[in-house]
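A.B. asks: Quick one: the structure is below, and I'll ask about it shortly.
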Amino acid sequence: MRWMWIDRVTVFEPRKRLVAVKSVSLAEEHLHQHFAAERTADGTTLPPRPVMPSSLILEGMAQTAGILVGSVHDFREKVVLAKVVSATVERDILPGETLRYDATLERMDEMGASTVGIVDRFSFVDHAWAPVGRIELMFSHLDQNRAGVAFPEENFVFGENFRTILEGAGLRRAGV
Amino acid sequence: MAKSRADIEADVRDVLVDALGVDEDDVVPTATLKGDLGAESIDYLDIVFRLEKKFSTPEKPFKIAQGELFPENLMTDPSLVEAGKVTAKGIALLKERVPHVDVSEFEKDPQVTKLPTYFTVKSLCDFVQRKLGA
């Protein structure tokens, strides 16, 4: 399974809200590059500082909110992220912490949808959830695009990549 | 109490500043959404959603039907566009369906690709004012 930035859906309120979690682990290779140890111009060495990239936090929210939008039409529409309206992540997310993406459907019509999402972090030091960011997104229904461009019949958005997540959330029957 | 034209203009300005990330000072009545304010296709849907939210009240929801503000699917009909130009029938339909857009200049050279350049901040304010008054 590739390019999945959520581990599990934990709350699903049809047409309204979807919550997913993602545990950040040092086993994820990208963390070793972001940021790797670095030798600066004056010869000192900065130690490695593994931090979950904000761009992938954004992707995690897009997947969470995208599943919510897709579920409204039973995943028949090709739902694509069309616009990041606003995104703030106010602190670094470190290995050993868990992210929670809490997405709410604001508005939807034939053309697309807008969502508002809160990013929370669970720290095993504080043993509590705390908000760390807010991400507003817009999704487009690809087959309803204004340019009238035709796309393949197959729904390549909610394909095999999403199988485990959707089955785990009871949004898709196993083996179908 | 009904909103004044100045109130509507201020609210439309807020919507465009939020939706397009433009400076308040750039949102003048003659500014075109596409050319001057840099709106792309998904921005039109964003603007529609934000206008609905801004002008809805508990007593009176402000719902914009598809194609009511921006005539998106109008131009895919072959009887309305020929060789890239909007036909007389298309112009008549535009005047009827989107009266908030001044098509008097557009109809001199009605290339369909140029239609979005005629959507101005004033068009949006006219649309909202007419719809609120209805």
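A.B. asks: Just the residues that are touching a residue at least 40 places away in the same chain (Cβ under 8 Å), more than 16 Å from residue A:18 (Cα to Cα) and not acidic (Asp, Glu), please, taken from segment A:123-143.
C.D. replies: Of everything in segment A:123-143, those that are touching a residue at least 40 places away in the same chain (Cβ under 8 Å), more than 16 Å from residue A:18 (Cα to Cα) and not acidic (Asp, Glu) turn out to be A:132, A:133, A:140, A:141, A:142.
A.B. asks: Next question. Given the criteria within 17 Å of the chain's Cα centre (by Cα) and in contact (Cβ under 8 Å) with a residue 12 or more places away in the chain, does residue A:157 qualify?
C.D. replies: Yes; evaluated as a whole, the condition is true for this residue.
A.B. asks: Answer yes or no: is there a residue in segment A:123-131 that is open to solvent by 50 Å² or more (accessible area, probe 1.4 Å), closer than 19 Å to residue A:60 by Cα, among the hydroxyl-bearing types (Ser, Thr, Tyr) and modelled with pLDDT under 85.
C.D. replies: No: zero hits.
A.B. asks: Then there's this: Among B:109, B:77, B:102, which is over 17 Å from residue B:51 (Cβ atoms) and within 14 Å of chain A (Cβ to nearest Cβ)?
C.D. replies: Just one listed residue meets the conditions, B:77.
A.B. asks: Also, quick follow-up: Please pick out the residue among B:52, B:40, B:82, B:59 that is within 11 Å of chain A (Cβ to nearest Cβ) and open to solvent by 70 Å² or more (accessible area, probe 1.4 Å).
C.D. replies: None of the others qualify; the one that does is B:40.
A.B. asks: Also, quick follow-up: Assess whether residue B:39 counts as being small (Gly, Ala, Ser), touching a strand residue (DSSP E or B) at 6+ places or on another chain (Cβ under 9 Å) and not in a loop (DSSP other than H, G, I, E, B).
C.D. replies: no
A.B. asks: On to the next question. Looking only at segment A:70-83, decide whether some residue is out of contact with any Ser or Thr (no Cβ under 7 Å at 6 or more places or on another chain) and under 23 Å from residue B:21 (Cβ atoms).
C.D. replies: Yes: segment A:70-83 contains one or more residues that are out of contact with any Ser or Thr (no Cβ under 7 Å at 6 or more places or on another chain) and under 23 Å from residue B:21 (Cβ atoms).
A.B. asks: Here's something else I'd like to know. Here is a list of conditions, (1) in the same structural domain as residue B:14 (by TED's automatic domain parsing); (2) of a type in the set (Asp, Glu); (3) farther than 26 Å from residue A:141 by Cβ; (4) surrounded by fewer than 16 Cβ atoms within 10 Å (Cβ to Cβ), and residue B:126 meets all of them except one; can you say which number that is?
C.D. replies: In the conditions (1) in the same structural domain as residue B:14 (by TED's automatic domain parsing); (2) of a type in the set (Asp, Glu); (3) farther than 26 Å from residue A:141 by Cβ; (4) surrounded by fewer than 16 Cβ atoms within 10 Å (Cβ to Cβ), residue B:126 misses (4) alone.
A.B. asks: Please tell me if residue B:98 is buried (at least 18 other Cβ atoms within 10 Å of the Cβ) and either basic (Lys, Arg) or closer than 30 Å to residue A:84 by Cβ (or both).
C.D. replies: Here the answer is yes, as residue B:98 does meet what is asked.
A.B. asks: Follow-up question, since we're still on this one. For segment B:90-122, name all the residues that are among the hydroxyl-bearing types (Ser, Thr, Tyr) and in contact (Cβ under 8 Å) with a residue 24 or more places away in the chain.
C.D. replies: If the condition is that a residue be among the hydroxyl-bearing types (Ser, Thr, Tyr) and in contact (Cβ under 8 Å) with a residue 24 or more places away in the chain, then B:113, B:117, B:118, B:120 are the ones that fit.
A.B. asks: Tell me which residues, restricted to segment B:18-37, are open to solvent by 70 Å² or more (accessible area, probe 1.4 Å) and facing chain A (nearest Cβ under 10 Å).
C.D. replies: Correct list: B:18 only.
A.B. asks: Being assigned to a strand (DSSP E or B), open to solvent by less than 50 Å² (accessible area, probe 1.4 Å) and either within 14 Å of chain B (Cβ to nearest Cβ) or under 11 Å from residue A:140 (Cβ atoms) (or both) is the filter here; which residues of segment A:66-114 pass it?
C.D. replies: A:79, A:80, A:82, A:83, A:85, A:86, A:105, A:107, A:108, A:112, A:113, A:114
A.B. asks: Right, another one. Can you tell me which residue is modelled with the lowest pLDDT among those in segment A:79-122 that are of a type in the set (Lys, Arg) and within 22 Å of residue A:26 (Cα to Cα)?
C.D. replies: Checking each candidate, the answer is A:91.
A.B. asks: Counting only residues that are more than 8 Å from chain A (Cβ to nearest Cβ), open to solvent by 20 Å² or more (accessible area, probe 1.4 Å) and not hydrophobic (A, V, I, L, M, F, W, C), how many does segment B:62-72 have?
C.D. replies: Going through segment B:62-72 one residue at a time, the tally reaches 2.
A.B. asks: Does residue A:62 meet the test of being more than 20 Å from residue A:19 (Cα to Cα) and not aromatic (Phe, Trp, Tyr)?
C.D. replies: No.
A.B. asks: Those residues that are more than 14 Å from chain B (Cβ to nearest Cβ) and either under 14 Å from the mean Cα position of the chain (by Cα) or basic (Lys, Arg) (or both), I need them from segment A:115-126; list them, please.
C.D. replies: Residues satisfying the conditions are A:117, A:118, A:119, A:120, A:121.
The values are calculated or read from the model by the stated rules, or taken from the named source; none is laboratory data. On a predicted model such as this, the values are computed, not experimentally measured, just so you know. So basically every Cβ, Gly included, is an ideal-geometry build from the backbone, and we count neighbours across all protein chains shown. We work out accessible area using only protein heavy atoms, side chains counted, and drop any ligands, DNA or RNA first. Shrake-Rupley method; radii C 1.70, N 1.55, O 1.52, S 1.80 Å.
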